[in-house]
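A quick write-up on the structure given underneath.
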Amino acid sequence: MKAVQISSYGENEVLEIKENASQPSLKKGQILVENYAASINAIDWKLRAGYLQKMTSVSLPITLGGDFAGKVSQVGEGVSEFKIGDEVYGQAIILNGGSGSIAEFLAANSTNSALKPKTVSFEEAAALPLAGVSALQALEEHIKLKNGQKILIHGGAGGVGSLAIQLAKSIGAYIVTTVKTQDMGFVKNLGADEAIDYKTQKFEEHLKEVDAVFDTVGGEVTDRSFPVLKKGGVIVSMLGQPNQELAQRYEVIAIGQGTQTDTTHLNHLAKLVDSGKIKAQVDKVFYLEQTREAFKYQEEIHPKGKVVIKIKE
Ligand SMILES: NC(=O)c1ccc[n+]([C@@H]2O[C@H](COP(=O)([O-])OP(=O)(O)OC[C@H]3O[C@@H](n4cnc5c(N)ncnc54)[C@H](OP(=O)(O)O)[C@@H]3O)[C@@H](O)[C@H]2O)c1
């Protein structure tokens, strides 16, 4: 089968398009998926670059990619929730025990898979798992966002941010988001009430007393967000544990989120999609053979929403 693998860490030159990679074998609790589409997340290029070596013990070569959408072609021992032919989506990154999703076939833990949303294509479904679950876990479970509340979403044009804006809108929140100049129109169309151009303005000079901050950018942006929150407000960061001293000083709750792409969250995400509340924003679709270009687009140009790899027609 075709698969995109790496045998060493580095820039995009290390990506190898293998024509005859071996089909993954199933471990207990896994399904084999004939893959129709994958999408790229920041973690995929961080893994390729070798940034995650200290946190993980994978041995190369590996197949890259995590998000997938396809059809079940084999069911492993101990799996009763899926049958051959089911249309599924989920996460099969090597770091969670999957076999990697930029490949014609993949092994995924059944616990990281779910029936795909019925109303969208495989490409749109593949754009959803990690970004969509990140948005819903942050807004619904950590922030518990309510109708009428004001939320600041950093990085509103990204994969996670573009879904978070739509979810916040469906809840009835007032949304302020930070983006670069070229992305202002994109986020307004998704439902943002205000967009702040982070290249020319300081968000903290325009905002105060917000109920929540959802931070998909990290670094100094996280620290600069504390003063805009009201007392008792919540900040959730996708990039590690926020500074707890600042949380105490400003009397807010600060959470570092580790997204759980499990079946329960994926089922809930599929319902949000099928009810029309959120829609994956697919900026560009590449073929498997173009994965280097796709990674370059993701890392250097930055899509509005998501980059998808189409694997099967
Ligand atoms: N903890 C977890 O479990 C978990 C799960 C999923 C994702 N993540 C992390 O969350 C982050 C976001 O993920 P993603 O998939 O949404 O990434 P993404 O698609 O690259 O989106 C990030 C967005 O932020 C924008 N940006 C950069 N600097 C900014 C700034 N100072 N202010 C406002 N926007 C800025 C980027 O565009 P421009 O630079 O072009 O403006 C881009 O649109 C990644 O670092 C990812 O690794 C963590």
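Annotations for the structure displayed:
- With respect to (1) touching a helix residue (DSSP H, G or I) at 6+ places or on another chain (Cβ under 9 Å); (2) touching a residue at least 24 places away in the same chain (Cβ under 8 Å); (3) more than 16 Å from the ligand (Cβ to nearest atom); (4) assigned to a helix (DSSP H, G or I), the lone exception for LYS312 is condition (4).
- Selection count where residues are touching a Gly at 6+ places or on another chain (Cβ under 8 Å) and within 8 Å of the ligand (Cβ to nearest atom), scope region 156-176: 5
- Put simply, of SER101, SER80 the only residue that is of a type in the set (Ser, Thr, Tyr), buried (at least 24 other Cβ atoms within 10 Å of the Cβ) and at pLDDT 95 or above is SER101.
- Taking the criterion of being over 15 Å from the mean Cα position of the chain (by Cα), crowded, with 20+ Cβ neighbours inside 10 Å and in the same structural domain as ALA195 (by TED's automatic domain parsing), the residues of region 111-148 that qualify are ILE143, LEU145.
- Count of residues meeting criterion [exposed (fewer than 14 other Cβ atoms within 10 Å of the Cβ) and within 16 Å of the chain's Cα centre (by Cα)] in region 265-306: 1
- Within the option set GLN260, GLN248, GLN241, being assigned to a helix (DSSP H, G or I) and either surrounded by 13 or more Cβ atoms within 10 Å (Cβ to Cβ) or of a type in the set (S, T, N, Q) (or both) holds for one residue only, GLN248.
- Scanning region 13-65 for residues that are part of a loop (DSSP other than H, G, I, E, B) and of a type in the set (A, V, I, L, M) gives LEU15, ALA21, LEU26, ILE40, LEU52, VAL58, LEU60, LEU64.
- Close pairs (8 angstrom Cβ cut-off, 6 or more residues apart or separate chains): free of Cβ contacts under 8 Å to residues at least 60 places away in the same chain in region 34-60, part of a loop (DSSP other than H, G, I, E, B) and surrounded by 14 or more Cβ atoms within 10 Å (Cβ to Cβ) anywhere: LYS46/LEU52; LEU47/LEU64; LEU47/ILE93; ALA49/TYR9; GLY50/TYR9; GLN53/TYR9; LEU60/TYR9
- Residue in region 178-189 that is of a type in the set (Lys, Arg), over 23 Å from the mean Cα position of the chain (by Cα) and surrounded by 14 or more Cβ atoms within 10 Å (Cβ to Cβ) present: no
- Of the strands (runs of 3 or more DSSP E) lying entirely inside region 85-155, not one is found with 3 or more residues being touching a residue at least 60 places away in the same chain (Cβ under 8 Å), aromatic (Phe, Trp, Tyr) and more than 16 Å from the ligand (Cβ to nearest atom).
- Residues of region 183-230 that turn out to be assigned to a strand (DSSP E or B) and not aliphatic (A, V, I, L, M), as a count: 6
- Pairs with Cβ under 6 Å, 6+ apart, first in region 202-213 and under 12 Å from ILE153 (Cα atoms), second in a loop (DSSP other than H, G, I, E, B): ASP211/GLN149; ALA212/ILE143
- Residue that is assigned to a loop (DSSP other than H, G, I, E, B), among the small types (Gly, Ala, Ser) and either away from the ligand (no atom under 16 Å from the Cβ) or in the same structural domain as LYS46 (by TED's automatic domain parsing) (or both), where the choices are GLY233, GLY276: GLY276
- GLY161 vs. criteria touching a strand residue (DSSP E or B) at 6+ places or on another chain (Cβ under 6 Å), small (Gly, Ala, Ser), farther than 21 Å from PRO117 by Cα and modelled with pLDDT of 95 or more: no
The values are calculated or read from the model by the stated rules, or taken from the named source; none is laboratory data. This one's a predicted model, so the numbers in the text were calculated from it and none came from an experiment. In this analysis, Cβ positions are derived from the backbone assuming ideal geometry, glycine residues included, and neighbour counts consider all displayed protein chains.
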